[in-house]
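Here the structure is laid out as structure tokens; the discussion comes afterwards.
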Amino acid sequence: YVPSESVAIDLPTCTDSVTLLSTRTEMNGSVALSSLELPALGTEFTYTACVKQTSNNRGFVFANSPSPTDTTRCAAIALDGTTNKIQFHYYDPSQGQVVLSSNSGFDFDDSSYRRLSVVVTNQNISMYFGTSLFASVMALPSVFRGTSFICDNGITYLGKRLPNDDYLKGGLEQVILYARVLTLSEMGALSTCSDSYALLDQSKDFIGNNSVDVTSSTPQLGTVLSLSACFKQQPNNQGYLFANSRSNTDDRCFHVLLNGLTNTISLFYSPAVNSVTEIPFSSPFAFDDNTWQQLVVTVSQTEVQFFVNGTLYSTQTLSVAFPGLCTNTTSVSYIGKRAPNNLFFVGSISNVQLHGHALSTQDITSLQTCGAPTPTPIPAVPFYMLNQATIFTGSNSIQVNQTWSANTTAGFTLVACMRQAASISGYIMANSVSRTTDQRCLALFASAGTSYQLSLYLQQGSSVVSIDSDGATRLDDNLPHRIAVVVTSTTLTFYVDGEQYGQAKSISSLSPTSSCGGVTFIGKRSPDAFYFQGQLGPVLLYQGAQDVSSIFADACVL
């Protein structure tokens, strides 16, 4: 039968995976997700999930059984925080119930989300956090004789096993089963597991009698956490930015107070019921000036740090250990006041987040900018001397015919991908006065050996000056490398594969000029000397000193 016109048909999507849980689900040690029927996955599969476990909890993150009344574990994964071991349970037709336990690893029961992947075959089990092998590959006692680890049409639980015990205390997110073995690169491509929780995204105005109740979105975190927020405070206001209490009648488990009267930022926490400890930080500047500020407070059991606008201003030791947030059944959390109704904030607050780890300076830099967004810079447009990877045999070169220029007064950045043959020195590029004379105006040379590896030649009057790198790594290793030379009016800095290659060089006393009209070759210098052997490309020139992080965002493909 041939239809007379095209017909739209909804076909099922072909996939080798099944998602058991997408959204983040917090588990308090007495609840679990169930009634998940799964197809038989065969004798190879991969379980992957973002998992969080509180201290000394033993809980199942996955447990598949034949029925709700059959306690046999066809396949199950347990995290034992009491021993820092991971267990894989399975049922073998010839051996019955089998439990394989990993060796002890790091303390994963620290209330931080991380990605766990368990790779199962009919011969061994491998367990990973991220792409790092958590435990030695565990061999099954004998080759698995069944047709599938998963009980077809059975019942699956996330957060417990049958009978109702070994509940997980923590959380699960992005739980996926694959009917095959995931490679390390595939594990690395999975979305990251974040332990950051947004309590307030958009900017909200506070007029001295209003607040935001964020009790339901306050997560269970461990004894290491960070609070980040943007605020704009009216002068002489004394108000709470964030307040987590044991109950609505107050007991300050984790409070941050902004006191514009004394230019003091204070952390209050409760080591025990009806006990409050204050850690004050005296700001060197007035923050209640109605301008946007960024505040980050990181706290562990032993110390607290205060960052304002990305700068660490104070680190203080805690005399009494910080026990963590209060997340009991009566606990409450507010933005803009403390319980019950006290010390309201006046101004604006936005981007309030809790993080289950201590934010680093780099983490803080990556947080969203407070106040008006920073305009995205227009990326620099490079001049391509060579726009694709090209093989150089030691006897060929490419002439650059387009007109270009560079000078050290305005600065420039020269970038190249190269794969250099061992023990063969050669020019990556060379701009000379003419085809027949050796008067280099701007040239980049890659030397073989260990004395120095990169040299930039610049014209200085009628002579040529050479600036040599002092990097310790040989580059003539026949491996791809992205190199960059960033030149300003006073300094010259070499970079290799995203890292600074040796010390920056001062050129302020040299007064070099840079390129001339002349002729430019890729892979040699004039007149026909020091041919490059290996691969080059692309070779680019940027006007001005560029940010190397964007230059090295992509790897060289040679």
Practice task
Determine ³J(HN,Hα), in whole Hz, for all residues of the stretch 426-435 in sequence, where each value follows from phi through the Karplus function 6.51 cos²θ - 1.76 cosθ + 1.60 and θ = phi - 60°; x replaces Gly and Pro.
Solution key: x, 8, 6, 8, 8, 9, 10, 4, 8, 5
Problem - the chain - charge dipole about Cα centre, Lys and Arg +1 at Cβ, Asp and Glu -1, debye rounded to 20 - result: 620
Problem - Heavy-atom accessible surface of the chain: percent carbon and sulfur, 1.4 Å - result: 49
Exercise for the section: Report, in whole Å, the centroid distance computed from the Cα atoms of the stretch 119-174 and the stretch 192-229. Expected result: 34
Exercise for the section: Specify which residue in the list ILE155, ALA421, SER126 is farthest towards the positive end of the charge dipole of the chain, using unit charges on the beta carbon of Lys, Arg (+1) and Asp, Glu (-1), about the Cα centre. Expected result: ALA421
Completion exercise
Under 5 Å from the placed amide H of ALA448, counting only residues 5+ away or on other chains, we find SER425, GLY426
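Taking the Cβ of GLU173 as the centre, find all other residues whose Cβ is under 9 Å away and add up their charges (Lys, Arg: +1; Asp, Glu: -1).
Neighbourhood net charge equals +2.
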Exercise for the section: Once you have the Cα-Cα distance between VAL273 and THR361, take 0.36 nm times their residue separation minus that, and quote the gain in nm to one decimal. Expected result: 28.3 nm
Handout entry: Proximal charge balance of ASP92 [Cβ under 14 Å; K/R count +1, D/E count -1]
Key = +2
Practice task
Quick one: which residues, 5+ away or cross-chain, put their amide H under 5 Å from the amide H of LEU140? H built at 1.01 Å from N.
Solution key: ASN124, ILE125
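If we count every other residue with Cβ under 11 angstrom of ALA484's Cβ, Lys/Arg +1 and Asp/Glu -1, where does the sum land?
Neighbour charge sum, excluding ALA484 itself: -2.
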Completion exercise
Distance in Å, no decimals, from the C-alpha centre of the stretch 452-494 to the one of the stretch 305-362 is 48
Handout entry: 1.4 Å probe accessible area per residue over the stretch 429-507, in Å²
Key = 40
Practice task
Rounded to the nearest 0.05, what FRET efficiency do ASN56 and ASN122 give with R0 = 41 Å and r taken as the Cβ-Cβ distance? Could you check?
Solution key: 0.75
Problem - Under 17 Å from the Cα of LYS505 - aspartates and glutamates, other chains or at least 8 residues apart - result: ASP468, ASP470
Practice task
Kindly identify the stretch 474-558 as rounded, prolate or oblate by the Cα gyration tensor criterion: order the square roots of the eigenvalues as a ≥ b ≥ c, call it rounded if a/c is under 1.5, otherwise compare a/b with b/c, prolate if a/b is larger, else oblate.
Solution key: oblate
Handout entry: Solvent-accessible surface (1.4 angstrom probe) belonging to GLU499, in square angstrom, nearest 10
Key = 120
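What FRET efficiency do you get for GLN95 and THR23 if R0 is 35 Å and r is their Cβ-Cβ distance, rounded to the nearest 0.05?
Calculated value: 0.40.
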Fill in the blank from the handout: Calc'd 3J(HN,Hα), the stretch 393-410, phi into Karplus 6.51 cos²θ - 1.76 cosθ + 1.60 (θ = phi - 60°), Hz, glycine/Pro = x, comes to 8, x, 9, 10, 8, 10, 8, 8, 8, 6, 7, 8, 8, 7, 8, 6, 5, 7
Exercise for the section: Taking the Cα atoms of the chain, report the difference between the largest and smallest coordinate on each principal axis, in whole Å and largest first. Expected result: 88, 75, 63
Exercise for the section: Counting only C-alpha contacts under 8 Å and six or more residues apart, can you give the relative contact order of the chain as a whole percent? Expected result: 13
Exercise for the section: Calculate for the chain the 222 nm mean residue ellipticity that helices alone would give, adding -39,500 (n - 2.57) per DSSP H run of length 4 or more and normalising by residue count, nearest 500 deg cm²/dmol. Expected result: -500 deg cm²/dmol
Fill in the blank from the handout: Ranking ILE364, ILE424 from most to least accessible area with a 1.4 Å probe gives ILE424, ILE364
Completion exercise
Place a point 7 Å from the Cα of ASN387 in the direction of its beta carbon; the residues of the stretch 399-434 whose amide N falls under 18 Å from it are 399-405, 415-417
Practice task
Return the aspartates and glutamates within reach of LYS232: Cα separation strictly under 18 angstrom, same-chain partners fewer than 8 residues apart disregarded; answer none if there are no such residues.
Solution key: ASP201, ASP205, ASP288, ASP289
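The values are calculated or read from the model by the stated rules, or taken from the named source; none is laboratory data. Bear in mind that the values here come from a model prediction, so they are computed numbers and not experimental data. FYI the Cβ positions are ideal-geometry reconstructions off the backbone, even for glycines, and counts take in every protein chain you see. Just the protein is used for accessible areas: all its heavy atoms, side chains included, with ligands, DNA and RNA removed. Shrake-Rupley method; radii C 1.70, N 1.55, O 1.52, S 1.80 Å.
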